[in-house]
1. Tell me, yes or no, whether the stretch 221-236 has at least one residue that is outside any loop (DSSP other than H, G, I, E, B) and surrounded by fewer than 19 Cβ atoms within 10 Å (Cβ to Cβ).
2. Test each condition in (1) surrounded by 15 or more Cβ atoms within 10 Å (Cβ to Cβ); (2) at pLDDT 90 or above for TYR44 and report the one that comes out false.
3. Name the single residue, out of those in the stretch 6-41 being of a type in the set (Gly, Ala, Ser) and under 23 Å from VAL128 (Cα atoms), that is surrounded by the most Cβ atoms within 10 Å (Cβ to Cβ).
4. Of the conditions (1) buried (at least 17 other Cβ atoms within 10 Å of the Cβ); (2) assigned to a helix (DSSP H, G or I), PHE124 satisfies every one except a single condition; which number is it?
5. Counting only residues that are more than 23 Å from PRO70 (Cα to Cα) and among the aliphatic types (A, V, I, L, M), which one in the stretch 165-209 is surrounded by the most Cβ atoms within 10 Å (Cβ to Cβ)?
6. So, of the residues in the stretch 127-154 that are touching a residue at least 60 places away in the same chain (Cβ under 8 Å), in contact with a strand residue (DSSP E or B) (Cβ under 9 Å, 6 or more places away or on another chain) and closer than 17 Å to MET202 by Cα, which turns out to be surrounded by the most Cβ atoms within 10 Å (Cβ to Cβ)?
7. Taking the stretch 23-37, which residues are in contact with a Phe, Trp or Tyr (Cβ under 9 Å, 6 or more places away or on another chain) and either modelled with pLDDT under 95 or not in a loop (DSSP other than H, G, I, E, B) (or both)?
8. So how many residues does the stretch 47-63 have that are surrounded by 18 or more Cβ atoms within 10 Å (Cβ to Cβ) and either without any contact (Cβ under 8 Å) to a residue 12 or more places away in the chain or part of a helix (DSSP H, G or I) (or both)?
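The values are calculated or read from the model by the stated rules, or taken from the named source; none is laboratory data. This structure is a prediction, so every number in the text was calculated from the model and none was measured. Glycine gets a Cβ as well: all are built from the backbone with ideal geometry, and neighbour counts include every protein chain shown.
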Amino acid sequence: MEGVAIMPTFKTADGVELFYKDWGVGRPVLFVHGWTLGADMWEYQLTALADRGLRCVAYDIRGAGRSDQPADGNDPDTLADDLAALMEYLDLREAMLVGHSMGAAQVLRYLARHGSERVSRVVFVSIVAPMLHRNADNPGGVDPASTRQTPAALATDRGRFATALADPWFGNGLPGVTVSRELVRWAVGLFLQSSAKATIDMYREFAYHDFRPDLGAVDVPTMVIHGDSDAMVPLEQSSAKVAAAVPTAELTMYETPRTDCSSHTRTGSTPTCSPSPNSDLASASIRVHSTRPRKS
């Protein structure tokens with residue numbers, strides 16, 4: 001219709017419509033957001049990197065933001081296949097994939113299911129892998145009581161859960177960390193745009209999934225970024241293990257305190273969605289990584 005802006009979307013094989021942003025011209029960088037968030041969490045990186053000659057793509061995964069919210073498909077395999085479908089739809093080649101938290105685990109699963117033919121390099125930011133849940137085979141994982149309590153809290157009062165999580169998620173209260181109330185409310189709004197069912201389903205799926213067999217599929221230069229004080233996904237049980245298991249990986253740790261936005265509870269240290277000057281650290285890291293040779 002004349003005069004009406006149409007959001008860019010595409011349909012997956014099972015008919016789910018996904019919203020995406022495609023900014024800039026140059027080598028492609030595809031961003032995959034974390035649990036309950038959306039493409040907008042990357043807006044500062046999209047702007048900075050598109051202005052520096054990269055083609056930046058970000059999308060709302062199924063169940064989040066402006067994308068469809070189906071009852072099914074909120075699992076690692078389907079989400080990895082959605083990522084593959086978007087790359088094929090946009091014909092992205094030699095792309096750098098940047099994933100945050102659950103989104104980083106989706107990138108890992110994508111490589112295991114689809115390989116690296118279209119991928120030049122990878123950035124994992126606070127990855128929820130190789131395995132989050134604590135059991136006999138993974139004694140250093142997250143307390144099982146926590147993985148049981150979170151779905152119950154989400155089913156009872158999602159708004160309260162999101163609001164309680166927001167300040168520690170940004171690291172507010174840590175020395176030298178000040179994030180505006182407006183930015184905190186914005187993040188809560190992103191959280192609540194996600195489907196309640198998808199939020200709970202994805203938490204359960206990714207908390208219990210064993211990604212260890214997928215690590216062997218990572219055969220491109222890989223930057224692994226994590227905050228040193230992440231309490232939700234501890235560095236030692238996630239990024240440190242991933243970096244140690246992947247020969248092509250390099251671990252970059254952000255130390256507390258910082259004045260940028262964190263990625264997980266009480267990190268205060270992984271810059272992704274903050275407009276502060278220090279959020280340039282993430283953009284700079286990604287930009288440097290984008291110039292490295294495909295194979296190391």
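1. Here is the first cut: in the stretch 221-236, the residues outside any loop (DSSP other than H, G, I, E, B) are 222-227, 235-236.
Next cut, surrounded by fewer than 19 Cβ atoms within 10 Å (Cβ to Cβ) only: 236.
There is at least one residue in the stretch 221-236 that is outside any loop (DSSP other than H, G, I, E, B) and surrounded by fewer than 19 Cβ atoms within 10 Å (Cβ to Cβ).
2. (2)
3. GLY34
4. Checking PHE124 against (1) buried (at least 17 other Cβ atoms within 10 Å of the Cβ); (2) assigned to a helix (DSSP H, G or I), the one that fails is (2).
5. First pass over the stretch 165-209, keeping only residues more than 23 Å from PRO70 (Cα to Cα): 165-186.
After this cut, where a residue has to be among the aliphatic types (A, V, I, L, M) as well, the list is 165-166, 174, 177, 179, 183-184.
Numbers: LEU165: 19, ALA166: 20, LEU174: 19, VAL177: 21, VAL179: 23, LEU183: 17, VAL184: 17.
Here the answer is VAL179.
6. Here the answer is ILE127.
7. Going through the stretch 23-37, the residues in contact with a Phe, Trp or Tyr (Cβ under 9 Å, 6 or more places away or on another chain) turn out to be 30-33, 35-37.
Correct list: LEU30, PHE31, VAL32, TRP35, THR36, LEU37.
8. Applying the first criterion (surrounded by 18 or more Cβ atoms within 10 Å (Cβ to Cβ)) to the stretch 47-63 yields 48-50, 54-63.
Narrowing the set further to residues that are either without any contact (Cβ under 8 Å) to a residue 12 or more places away in the chain or part of a helix (DSSP H, G or I) (or both) leaves 48-50.
Of the residues in that region, 3 qualify.
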